[in-house]
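Each remark here refers to the structure printed beneath this line.
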Amino acid sequence: MQIQEDKAYDDINITPMLDLAYVLLVIFILMCTASVQGIKVNLPHASNAPSKPLTQPRTQAITVNNEGKYALNTEPMTLDQIRQRLSDAKAANPDVNVVIRGDSQTQYQAIMDALAVVGNLGISEVGLATKPANSK
């Protein structure tokens, strides 16, 4: 009787590889949670009064929806209100930027009216938000 030692393996045993993957996963989880804890300190208490932001935001966003209605930083407004708010923002920070976001179904005139308001205030850093060409 002859023993066949040249027989090819029919399957690959991946159990040791999975064991190694699980051990590495456990080590990774333990290391991540251990590095977050830090030293125990007695933290000071904050007041309940609303705090004022340290800096005013430089970028203001004007949004024009498909109905031609305007919003400044997600707050619905008319063009006159936007003009006043942007004037105040420019007085507080002369380097204010404006981004105009218009719906693809928006009338072109609504975007031009928003650009005119920004231009009349002397704000020179204006951007028009668009989607990348390959996104739908």
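The values are calculated or read from the model by the stated rules, or taken from the named source; none is laboratory data. None of these values were measured; they are calculated from a predicted model. Positions of Cβ are backbone-derived with ideal geometry, glycine not excepted, and every protein chain shown enters the neighbour counts. Surface areas here come from the heavy atoms of the whole protein model, side chains and all, with no ligands, DNA or RNA. Shrake-Rupley method; radii C 1.70, N 1.55, O 1.52, S 1.80 Å.
Using the alpha carbons alone, the radius of gyration of the stretch 60-133 stands to its Kirkwood radius in an Rg to Rh ratio of 0.95. Under a point spin-label approximation (7 Å from Cα along Cα-to-Cβ), what is the Ile27-Asn93 distance to one decimal in nm? For the pair Ile27/Asn93, the computed spacing is 4.6 nm. Computed with every protein chain present, the accessible area of Ser104 is close to 110 Å² [probe 1.4 Å]. Subtracting the Cα-Cα distance of Ala129 and Leu79 from their residue separation scaled by 0.36 nm leaves 16.1 nm.
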